[in-house]
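This report concerns only the one structure given below.
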Amino acid sequence: MAEDGFVEVHGANRGNNVVLHLFAAALMVTGPIVYAANDGGTLGIVLTALLLPLGIAVWRGIARAKRRLLRLDEVGLPATAVVLSVEPISEDATVRVRLLIKGPDVPEFLIDHDTRYGPGLKPGNKLVAVVDPDDHRDFELEY
């Protein structure tokens with residue numbers, strides 16, 4: 001616990017995500033490998049045109065997520081998120097949670113958050129949160 005009574009949140013996966021990086025690399029090299037194995041050919045060209053940009057996008061997305069999480073670790077402010085409502089939005093376990101987030105240095109605000117259902121997501125429950133002071137839409141919950 002922190003001195004002000006809030007729990008310090010340090011989420012998982014702040015480091016290098018080897019599996020996702022390997023997946024992105026596999027996407028990027030599939031087209032050129034098929035192209036080289038077939039001595040050229042339309043299939044290799046099409047796969048390269050489709051999978052190379054997709055692999056680059058996955059790689060960049062991984063880097064962007066890591067930067068966001070590391071920023072939250074560095075400048076995130078502790079807060080409390082009160083679950084106001086939980087509404088299923090798809091046939092799987094995805095729900096839309098309406099949260100009231102507030103903290104000593106975080107002005108009170110309401111936000112809708114789409115996430116996987118968890119047992120802590122019941123109306124009235126208080127969750128531990130970390131909020132980016134510059135962008136209140138960027139936060140992390142612990143439940």
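Derivation of every value follows stated rules applied to the coordinates shown; laboratory data play no part. Just so we're clear, the structure is a prediction, and the values are computed from it rather than from any experiment. Please note: Cβ atoms are built from the backbone with ideal geometry, for glycine as well, and neighbour counts cover all protein chains shown.
The residue among 32, 55, 65 whose Cα reaches farthest toward the positive pole of the charge dipole of segment 18-74, with charges on the beta-carbon of Lys, Arg, Asp and Glu, is 65.
Give the dimensionless ratio obtained when the Cα radius of gyration of segment 18-74 is divided by 2.2 N^0.38 Å. Don't skip to the answer; put the middle values down first.
Details: Rg = 14.6 Å, N = 57, 2.2 N^0.38 = 10.2 Å.
Rounded to two decimals, the normalised Rg is 1.43.
Compared with the alpha-carbon gap, the fully stretched path from residue 52 to residue 134 is longer by 26.1 nm at 0.36 nm per residue. One chain, two ends: residue 93 and residue 114. Fully extended at 0.36 nm per residue, the span grows by 6.5 nm beyond their Cα-Cα distance. You can think of it this way: the chain between residue 100 and residue 25 has 23.0 nm of extra reach, that is 0.36 nm per residue less the Cα-Cα gap.
For the chain, the alpha carbon positions stretch 65, 35, 23 Å along the principal axes, listed from largest to smallest.
Apply the Debye scattering formula to segment 76-142, with a single equal point scatterer on each alpha-carbon and no solvent, then give log10 I(q)/I(0) at q = 0.14, 0.18, 0.22, 0.25 Å⁻¹. At q = 0.14, 0.18, 0.22, 0.25 Å⁻¹ the computed log10 ratios are -0.37, -0.60, -0.86, -1.06.
Structural descriptor for the chain: relative contact order 20 percent, calculated from alpha carbon pairs under 8 angstrom and at least 6 residues apart.
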